[in-house]
Every structure is written in structure tokens, then in C-alpha cells.
Amino acid sequence: MYCILITLSYVLILTCNLEAATLTVGSGSGLPGAKNILIPINLSSAPSKGAGSFNFDLNFDTPRLTFKTVTLGPKAIEAGKSLSHIQPNPNIVRVIVIGFNQNIISNGTVLNFTFDILNNAPPGKADLIITKPSVADPAGKLLPVTINNGSITVEGGIPGTTTSTTIPQPPPDTTTTSATVLSTTSTTTIETTTSINPTSSSTTTSVSQLWPLLYDEMWGSKKDQKLFLLRTFRDEILVNTEVGKEYMFMLYSNSFEILVLLLQDPIAVKLASEVADEILVSIQTLLYHDEMTISQKAIDNFESLLSQLEPKASPNLKIAIAGIREDFKEGRVFKQLGIRMQ
């Protein structure tokens, strides 16, 4: 009996390993002052549960290193994915690689980070550590994740001596550009990679800015009209109430995570679209007739959206969700915004 149990345990372990995804951080080295140390990030997953998107924080050693850039690797480009990154702390780079398609990311290099070694960096190893990893299949289902961290070794040398490490250039059929999107609380850099087929006269843009990508998925050609109403509601109503300011701050503080969760979950995107459409009807009534009503259906759909996001949410976002539920239960939101139930 014990032998059977042990055998079954090994089978389960092996099965889990086959279904897991692995993120591996490369390693490098250089003298103090070295520039453009290339650190690849490799992703591997089983074909039966291939990865469609991922995100993580990369922590690094600020006394030795300075973060320079992060760009899409060849396997992410081939899958038509997009890259966004922010730097929430001096020693952390947060990335998301995602796309509105069902393409599986092939095993191999998905990102390339570059770092500079400080002129006065002491010799030794600077660890590169992945935290908060999340890998999902094309349907948005999360996969188990294994992490192999890397490092950059600062070699002994004369402090202040400048050396250079050459970064391999992108293949001739790809070009990379960068656009910056400013929000209330942070700056997000969106990497846009355009792939040009040398045997064809057509140009295919594989990635775009992530929030507009989400808006396109939710509303298509009607997005500009709906965004105008939402922004008018924000600028003319929300900013003039205590609860409105609180909710705006809550949204901006968690916007990156909310974006990640929505882009990884088609059901959540559908619910978000339905909720927004129902609220937009109420906003139009408020803006043009000086009153705002909301249906129980809209509230129920909003609760469904919160329930869809909550299981994958971080502790901070879960606290925010709990606060929203409490506000709705007590009617605080409705009272301050002058909303009545239909």
C-alpha cells in the first residue's frame, strides 16, 4: 500500500511539473562602470498548457545596478504580445506581457533587460529576483509557476573604470519604439514592436498601448463616445465629492493590477463592459437631466465583476474590493453622488 501511495505521489508531482510554467532569469557580469549588461528572461511551459500572458516584479540590487531598459524577446514578439512596464520603486521593475489573442508563447526568450553597473559598485553578486509572478494560459487560467533567479556579478577592478557590453541588435525585420503614458500616480512606458515581413509589402503592428487595447475590446468603434462620457462624469461629478475622490485614488493606485486582471480574463472584460454600459446610461441621465438612477441589475453585475477579480487580486486590491462592498451596503456612494435606485 505504501509503495502504491508513493508511486501515485510521484506521478502527481511529475504531472504538476509538466503543467507548470518556468520563468528563468539570465546572469551576467562586468567591471564597475560597465554599461548595457544584457539579462534575458526565458519562459517555458508544457504544450498542453501553454502560456498566453505573464507578469512579475523583478527586484535588483540598487547599490550596484541601475535599470536601463526592458524590451520584448523574440518569442513574445512571435506570439503578437505587448509589453508594458513601470518602476514602482527604485529597485523594482514591474512588467506585463499580454495580448488580445489566443497565441501561445513558445519556449524561449520573452524579455531582455539591460542594466548598468555603477562606477563605485563594490565587487560581488547583485541578485536579480522575480517576485509576484503570474502566468496564464490563452484562456486566462493561471498556471503554477517555478522561478529560477539570476544575478549580475560585479568583478574586481578599479572603481570608476568604464567598460562596455554590447547588446545584440534586434533582427532586421523588427523595429522597436517607445511611447509614454502619464497617469495621476505613475508613468507607464509602453513598448511597441512592429514586425515587417521582408517578402511582403504589408506591415503588421503586433502590439499597442494596453488601456486603448482594452477599450477596443470592450467597445470597439464606440469607445471614444463612451470614454468622453466617463471622463466628463469624472471631471464634473466625482472630483467634487469626497467619495468620488476616494474612488478615483483607489482606481489610479490599483490601475496596473486591474488592467492585468482584466486582460487575463475574457469573462471579466465582458462583465466590465456590461457594467460600464449600464452606468453610462445613468451618467447620461445625470448630465442631461440632473438626476441619476441605477438599476439593481447594474449593481448585481458590478458585484459579479468584483467576485470575478477578487480571487486573483493582491491583498491591497482585496482590501479595496471589501471597502467598495461596504460602501455599497451602507449606501454611502449613492447618498454622496445623489444616486437613487430604480
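Of the residues Phe115, Phe54, only one is crowded, with 23+ Cβ neighbours inside 10 Å and closer than 20 Å to Ala21 by Cα; which?
Phe54
Note down all Cβ pairs under 6 Å where the first residue falls in segment 316-342 and is surrounded by 13 or more Cβ atoms within 10 Å (Cβ to Cβ), the second is of a type in the set (Asp, Glu) and part of a helix (DSSP H, G or I), and they're at least six residues apart or on different chains.
Note: pairs meeting the criteria are Leu317/Glu257; Ile321/Glu310; Val333/Asp327.
Given segment 87-155, what strands (runs of 3 or more DSSP E) lie entirely inside it while holding 3 or more residues that are within 27 Å of Ser45 (Cα to Cα) and not polar (S, T, N, Q)?
Counting at least 3 such residues, we get 92-98, 108-117, 124-136.
Please report, ordered by residue number, the helices (runs of 4 or more DSSP H) entirely within segment 240-342 with at least 1 residues that are of a type in the set (Val, Ile, Thr) and under 29 Å from Arg94 (Cβ atoms).
Answer list for segment 240-342: 242-253, 255-263, 266-289, 315-330.
Six or more apart or on different chains, Cβ under 6 Å: which pairs go from a residue in segment 127-151 that's within 11 Å of Ala51 (Cα to Cα) to one that's basic (Lys, Arg)? Could you list them?
Asp137/Lys49; Leu143/Lys49
Which of the residues belonging to segment 236-291 are within 16 Å of Ile339 (Cα to Cα) and acidic (Asp, Glu)?
Glu236, Glu242, Glu278, Asp290, Glu291
Check segment 114-128 and report whether any residue there is within 30 Å of Leu309 (Cα to Cα) and at pLDDT 85 or above.
Yes, there is a match, as at least one residue in segment 114-128 is within 30 Å of Leu309 (Cα to Cα) and at pLDDT 85 or above.
Is it the case, given these coordinates, that Leu263 is farther than 25 Å from Val239 by Cα, crowded, with 19+ Cβ neighbours inside 10 Å and in contact (Cβ under 8 Å) with a residue 12 or more places away in the chain?
So Leu263 passes the test.
Of the residues Ile267, Ile294, which single one is over 26 Å from Gln102 (Cα atoms), touching a helix residue (DSSP H, G or I) at 6+ places or on another chain (Cβ under 8 Å), at pLDDT 75 or above and in the same structural domain as Gly331 (by TED's automatic domain parsing)?
Ile294
Given the criterion under 23 Å from the mean Cα position of the chain (by Cα), closer than 15 Å to Asn254 by Cα and in the same structural domain as Leu214 (by TED's automatic domain parsing), identify the matching residue among Pro311, Pro315.
Just a single option satisfies the conditions, and that option is Pro315.
When you check Leu305 against the structure, is it buried (at least 17 other Cβ atoms within 10 Å of the Cβ) and closer than 25 Å to Leu143 by Cα, yes or no?
yes
Restricting to segment 303-318, name every residue that is of a type outside the set (A, V, I, L, M) and either modelled with pLDDT of 85 or more or on the phi > 0 side of the Ramachandran plot (or both).
Glu303, Ser304, Ser307, Gln308, Glu310, Pro311, Lys318
The values are calculated or read from the model by the stated rules, or taken from the named source; none is laboratory data. Fair warning: this is a prediction, and the values are worked out from it, not measured in the lab. Positions of Cβ are generated from backbone atoms using ideal geometry, with glycine treated the same way; all protein chains shown enter the neighbour counts.
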